[in-house]
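See structure below.
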Amino acid sequence: MRGTADILPDAARTWEWMERRIRDLFRRFHYGEIRTPAFEPTDLFRRSIGEGTDIVNKEMYTFPDRKGRSITLRPEGTAGVVRALIQHRLLEPNVVSKYFYLGPMFRYERPQAGRQRQFHQAGIEIVGSNRPEADVEAVALLRAFFLELGLGEVRFRVNTTGGRAFRPELNRILKQRLAPVKEALCTDCRERFSRNVLRIYDCKVPRCRDEIARLPGIRDLLPESDRDHFESVLRGLERLGISFEIDDRLVRGLDYYTRTIFEAYSDSLGACDALAGGGRYDALFEEMGAGREVPAVGFAVGMERVLQALSGADKLPAFPGPDAFMIRAGAVDCFDVLETADRLRRLGFSVASDLLGKSVKGQFRLADRLGARFALIRGERETESGAYRIKDLQTGEEEQVSETGLAARLGEKLGKRRVSP
Ligand code: AMP
């Protein structure tokens with residue numbers, strides 16, 4: 001279906017590798033996994049992402065279930081995490097909890113390179129701290145994420161849109177500035193003007209861009225406390241050696257962000273496509289019914305884009321073939337060979353074999369195609385003496401070992417190999 005993709009075995013292996021690496025990284029930063037449902041009541045997303053956003057207005061997969069309740073396939077991960085933490089009463093005062101998630105998200109967008117209708121995000125949420133350390137840890141983890149996958153340093157763009165308390169005033173100032181030129185703005189921006197004026201900063205239409213260029217940077221409009229928080233975040237980023245660029249016109253497509261926001265870009269991807277985005281959302285928990293303010297910060301990485309960037313930078317890992325391929329030569333019982341393969345697999349070796357009764361030549365060809373490291377050959381002579389011949393498929397060297405010593409010898413030989421990625 002348009003905007004969806006099947007992940008076939010070769011690609012799935014890369015996905016599995018990415019997921020393994022990032023789970024390992026999240027654990028090192030001490031984040032616990034949270035798995036929330038792929039669908040939630042529509043209202044959850046309307047309230048959290050915001051009524052005036054493109055996601056809520058145009059991109060949600062929303063349908064009535066059999067009882068007529070409005071259901072939406074999650075377009076992002078934060079709303080479900082917030083709901084779950086409130087529902088399970090996991091919000092303790094003065095305690096910071098840290099979560100990560102991985103999984104498919106759904107947005108009805110126009111499919112193009114790097115944009116699908118079902119795509120995957122990996123994300124984190126740091127819940128319970130309003131301090132700049134939390135913002136800095138989030139960005140540091142995001143940098144580590146790309147380093148872990150071998151993508152190298154990415155570019156960060158950061159900005160602040162101020163706290164929730166100041167938002168009405170910020171909106172008022174922007175509206176006052178834009179009112180004289182309102183009629184010159186595009187249709188979307190005229191709509192944004194009344195519903196969500198901050199989003200005008202994100203418009204790509206040239207005539208709107210001209211007006212945006214004349215607006216002050218968002219930071220210059222904010223009160224001192226918000227600017228101080230941002231300055232501390234910047235100092236932290238510098239201290240951790242994270243290179244960033246301040247983009248004082250950066251805004252994000254989800255309404256819940258307050259104060260710090262950031263996006264990550266890679267040169268290996270199209271110029272304007274972000275790999276990841278995130279920021280602080282200090283008011284969301286309270287708005288969603290937590291009963292008090294629970295400050296939080298998080299990000300989400302687009303996994304398809306990471307794959308695209310890895311491929312663009314020629315950094316996709318190569319996977320080794322099986323440790324061994326069983327070769328049955330001559331009148332040898334197929335189950336004799338299969339039994340040995342089964343034993344080796346249970347011991348932890350990856351072992352492939354032919355299930356089509358191919359000729360010896362055909363079996364070697366298959367071993368080669370799969371990239372097997374060794375061939376374990378069982379001919380009539382080996383059967384009689386209870387042995388196997390181990391053939392190194394890179395050097396062509398052969399040696400004979402007894403069946404009982406096979407696993408140990410194979411292990412020794414493989415020990416000299418590069419460890420798999
Ligand atoms: P957002 O949840 O909108 O902040 O997006 C975070 C990241 O998810 C983006 O930077 C993209 O890498 C990725 N992303 C968002 N929408 C899509 C999509 N339709 N297809 C693929 N990746 C996406």
Q | Heavy-atom accessible area ranking, 1.4 Å probe, most first, across HIS88, HIS30 | A | HIS30, HIS88
Q) When the chain is treated as a GNM, springs tying every alpha-carbon pair under 10 Å, which of VAL337, VAL251, VAL297 comes out with the largest mean-square fluctuation? A) VAL337
Q: Take the solvent-accessible surface of the protein heavy atoms, probe 1.4 Å, and return the percent of it on the chain that carbon and sulfur atoms account for.
A: 49 percent
Q) Using a 1.4 angstrom probe with every protein chain in place, what is the largest-first accessible-area order of ASP135, ASP10? A) ASP10, ASP135
Q) Out of segment 286-352, which chymotrypsin sites (Phe, Trp or Tyr not before Pro) are coil in DSSP terms and have no more than 12 other C-beta atoms within 10 Å? A) none
Q: Report, to the nearest 10°, how far helix 224-239 tilts away from the longest principal axis of the Cα atoms in the chain, using its own Cα long axis and a range of 0 to 90°.
A: 30 degrees
**Q.** Computed over segment 49-145, the ratio Rg/Rh where both radii use C-alpha atoms and Rh is Kirkwood
**A.** 1.02
Q: For HIS120, list long-range residues whose amide hydrogen, built 1.01 Å from N in the peptide plane, is under 5 Å from its own amide hydrogen.
A: MET105, MET303, GLU304
Q) Pick from ARG190, ARG345, ARG157: which is most flexible by mean-square fluctuation in a GNM of the chain where alpha carbon atoms under 10 Å apart are linked? A) ARG345
(Q) Relative to 2.2 N^0.38 Å, what does the C-alpha radius of gyration of segment 1-59 come to as a ratio? Two decimals please. (A) 1.59
Q.
Quick check on the chain: what does the Kirkwood estimate of hydrodynamic radius come out to from the alpha carbon pairs, in Å?
A. 24.9 Å
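For VAL96 and ALA213, compute 0.36 nm times the residue count separating them, minus their Cα-Cα distance, and round to one decimal in nm.
38.2 nm
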Q) Tell me, what is the 1.4 Å probe accessible area of GLU92, in Å² to the nearest 10? A) 120 Å²
Q | Cβ-derived FRET efficiency at R0 35 Å, LEU355 paired with ARG27, nearest 0.05 | A | 0.35
**Q.** Electrostatic dipole magnitude of the chain [Cβ: Lys, Arg +1; Asp, Glu -1; Cα centre; debye, to 20]
**A.** 780 debye
(Q) Can you compute the charge dipole magnitude of segment 237-294 about its Cα centre, using +1 on each Lys and Arg Cβ and -1 on each Asp and Glu Cβ, nothing else charged? Give it in debye, rounded to the nearest 20. (A) 140 debye
Q | Whichever lysines have a C-alpha closer than 27 Å to that of LYS391, once near sequence neighbours (fewer than 8 apart) are set aside | A | LYS358, LYS361, LYS413, LYS416
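What FRET efficiency, computed as 1/(1 + (r/R0)^6) with R0 = 56 Å and r the Cβ-Cβ distance, is obtained for TRP15 and GLU380, rounded to the nearest 0.05?
Given R0 = 56 Å and the Cβ-Cβ separation, E is 0.80.
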Q) Once every DSSP H run of n ≥ 4 in the chain is given -39500 (n - 2.57) and the sum is divided by its residues, what mean residue ellipticity at 222 nm do you get, rounded to the nearest 500 deg cm²/dmol? A) -11000 deg cm²/dmol
Q.
To make sure I understand the rule: partners must be aspartates and glutamates, Cα under 18 Å from the Cα of LYS204, and not fewer than 8 residues away in the same chain. Which ones qualify?
A. ASP54, GLU109, GLU183, ASP188, GLU191, ASP247, ASP248, GLU263, ASP273
Q: Assign unit charges at the C-beta atoms only (+1 for Lys and Arg, -1 for Asp and Glu), then state the dipole size of segment 28-81 relative to its Cα centre in Debye, rounded to the nearest 20.
A: 200 debye
Q) Which whole-number value in Å² is the accessible area per residue of segment 271-404, probe 1.4 Å? A) 48 Å²
**Q.** R0 of 60 Å, Cβ-Cβ distance GLN176-ALA318: FRET efficiency to nearest 0.05
**A.** 0.55
Q. Counting other Cβ atoms within 10 Å of each Cβ, which trypsin sites (Lys or Arg not before Pro) in segment 1-83 have at most 13 and sit in a DSSP loop?
A. ARG2, ARG35, ARG66, LYS67, ARG69
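Enter the accessible area per residue of segment 96-244 (Å², integer; probe 1.4 Å; all protein chains in place).
Result: 46 Å² of accessible area for each residue.
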**Q.** Length released on extending from ARG35 to ASP6, taking residue separation times 0.36 nm less the Cα-Cα span
**A.** 8.3 nm
Q: Report the full-extension gain for the segment ASP273 to ARG66: residue separation times 0.36 nm, less the Cα-Cα distance, to one decimal in nm.
A: 70.7 nm
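The values are calculated or read from the model by the stated rules, or taken from the named source; none is laboratory data. Predicted model only: the values in this text are computed from it and were never measured. Cβ coordinates were reconstructed from backbone atoms using ideal geometry, including for glycine residues, and neighbour counts include every protein chain displayed. Just the protein is used for accessible areas: all its heavy atoms, side chains included, with ligands, DNA and RNA removed. Shrake-Rupley method; radii C 1.70, N 1.55, O 1.52, S 1.80 Å.
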